[in-house]
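The values are calculated or read from the model by the stated rules, or taken from the named source; none is laboratory data. This structure is a prediction, so every number in the text was calculated from the model and none was measured. Neighbour counts are summed over all protein chains in view; Cβ atoms, including those assigned to glycine, are modelled from backbone coordinates with ideal geometry. Keep in mind that these areas ignore ligands, DNA and RNA; they rest on the heavy atoms of the full protein, side chains included. Shrake-Rupley method; radii C 1.70, N 1.55, O 1.52, S 1.80 Å.
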Amino acid sequence: MRLTLKVWRQPKGATKGHFETYETDGVSPDMSFLEMLDVVNDRLTLDGQDPIAFDHDCREGICGTCGMVINGVAHGPERATTACQLHMRHFRDGDVIHIEPWRAAAFPVIKDLVVDRGALDRIMEAGGFVTAPTGAAPEAHSTLVPKEAADAAFEAAACIQCGACVAACPNASAMLFTAAKVAHLSRLPQGQPERYGRVVKMVATHDAAGFGNCTNIGECAAVCPKEIKLDTITALNRDVISSTLFQ
Amino acid sequence: MTTTLARSGRRPAALRSTVGRKQLMAVTGVLWFGFVFLHMVGMLKFFTGPESFDHYSHWLRTLFSPLFPHGWFLWLQRGGLTVALLLHIWAATSLTRQSRRARPVRYARTTNVQATYASRTMRWGGVIILLFIVYHLLDLSMGPANPGYVRGEVFRNTVASLERWPVAIAYLLAVGAVCLHLYHGVWSALQTMGANSPKRDAMIRRVSKTVGLLVFVGFASVPVAILLGYRG
Ligand code: HEM
Ligand code: FES
């Protein structure tokens, strides 16, 4: 396959970047998107140029490290697929492909396609945990969890914190991420004691980190590689109301 | 047990948060939706002729009389709607500014995966509706923008305004903007208030779209009828 890449390049420490065009040939349809970039980077390195920086780790779609906006869609055109699991067979010979970093004030660009997603960690630090004494693991059946609750919590816990929801949101809101982390605990008995303090703290930290506000557009859920659904945000909204009115 | 997720200060923090402000927008929006829907139903009385339509306008002033003195309910409603509108606009503006700041560098290329036109035009649509409300009050409620306004002769005033085709077209466009605003807004308000669920979602979306279209058809019938020559 022959492709034209328009890639965002931003030197480390710079506040501005620009698009650079790369022509590449001999791309196999069986390569992943990141492998295709590896090939481009090999050539850049041999030519004595700076390779394109991008984040990756597992390359199996489970760690949430990779992430780039490909032709205007976070993680590219395939549903429920991270950039590392996206294969070149979903593109056509001769395609022009735009590659940009996640764009959000809360995600400053470190270099090229690599952004600092520490703001998501700060939301986690604000409440994405249960306060429990550590020690030996408790007896597994000491707290019974209904099957539906376990399944629902697991669905939310599938979030890999990649930040695609922020990238896709027209408001650069991280509400789907925040809602998934809230729902993961609020759907379990262990999450109940701190449920209402947690949701408010996490939302307040989300806002303070400079994310935008959710306007129920739904692009986040549509690009989420783990298919976290929009109704996790409904549940978060409900908990915020409960925390003001009923608790 | 001590918890690190203390509950103190939770209430004000929740109200100030982006979610709290959005919920304020949802509640005030639903209030306005209630008014707009009843107003649309009321405007259908236009087709019962001048006498009946004028009588309807008069009746509005006698609502809840003698519990409230003549005209008081109307003023109460006006006050309530004004406060609701100001809060709605304040929340929308402050949230929009936060969202603008949240994405200082735009994408060179964006592709909408599923976002509807209605959901992406809530902000500008809202501005159009606000401008319309101002003009509309000056035209049919207070009179200065109406050719030869006569207080209480609501049928006459309506015809005098809308028989000018550019005004009729402007009304149709404005009512179209209201339709789009509700098309996304009614569903969105329920989502924001936590009333949505996977089971109910399809139904709520359908209701929201239907209600938006009903409001459009109901309101549009008046300028269209006048353009077509209906005079009671
Ligand atoms: C073709 C569409 C419409 C027509 C023909 C129409 C007609 C009228 C008339 C005749 C009045 C004066 C009623 C009276 O004084 O008794 C009025 C008042 C009003 N209309 Fe409309 N209207 C339309 C659409 C709308 C829409 C879409 C909105 C809101 C977004 C709206 C908001 C209002 C308000 C706030 C008042 C003032 C009520 C008051 O004075 O207390 N109208 N309209
Ligand atoms: S590199 Fe781990 S999810 Fe893509």
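Data table
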{"item": "Whole-percent carbon and sulfur share, accessible surface of the protein assembly as shown, 1.4 Å", "result": "63 percent"}
{"item": "Relative contact order computed over segment A:3-110 (Cα-Cα under 8 Å; 6+ residues apart), in percent", "result": "32 percent"}
{"item": "Hull shadow area, averaged, segment B:18-227 [alpha-carbon convex hull, nm²]", "result": "14.2 nm²"}
{"item": "Max mean-square fluctuation residue, GNM over chain A, Cα-Cα springs under 10 Å, options A:Gln49, A:Gln85, A:Gln190", "result": "A:Gln49"}
{"item": "Whole-Hz ³J(HN,Hα) from phi, Karplus 6.51 cos²θ - 1.76 cosθ + 1.60, for segment A:90-100, glycine and proline x", "result": "7, 10, 10, 3, x, 4, 9, 10, 8, 10, 10"}
{"item": "Charge dipole of the protein assembly as shown about the Cα centre (unit charges at C-beta), most positive-ward option of B:Met203, A:Phe107, A:His56", "result": "B:Met203"}
{"item": "Fluctuation leader among B:Arg106, B:Arg11, B:Arg151 - chain B, Gaussian network, Cα springs under 10 angstrom", "result": "B:Arg106"}
{"item": "Chain A, relative contact order in percent, only Cα pairs under 8 angstrom and at least six apart counted", "result": "20 percent"}
{"item": "For segment B:95-121, residues shielded by at least 40 square angstrom of accessible area compared with the chain on its own, probe 1.4 Å", "result": "B:Gln98, B:Ser99, B:Ala102, B:Arg103, B:Val105, B:Tyr107, B:Ala108, B:Arg109, B:Thr111, B:Val113, B:Gln114"}
{"item": "Gaussian network model of chain B, springs between alpha carbon atoms under 10 Å - residue of B:Thr121, B:Thr18, B:Thr111 with greatest fluctuation", "result": "B:Thr111"}
{"item": "12 Å beta-carbon shell around B:Ala225, net charge (K/R +1, D/E -1)", "result": "0"}
{"item": "Spatial extent of segment A:1-68: Rg and Dmax, with the Cα atoms as the point set, Å", "result": "12.9, 36"}
{"item": "Rounded to 10°, Cα long-axis angle of helix A:175-186 versus longest principal axis of chain A", "result": "40 degrees"}
{"item": "Alpha-carbon spread of the protein assembly as shown, three principal axes, descending order, Å", "result": "85, 61, 38"}
{"item": "26 Å Cα-Cα threshold exceeded, pairs from A:Lys6/A:Lys229; A:Lys229/B:Lys209; A:Lys181/B:Lys22; A:Lys147/B:Lys199; A:Lys147/A:Lys181; A:Lys201/B:Lys22", "result": "A:Lys6/A:Lys229"}
{"item": "Tail beyond 22 Å, pair distance distribution of chain A (Cα, percent)", "result": "57 percent"}
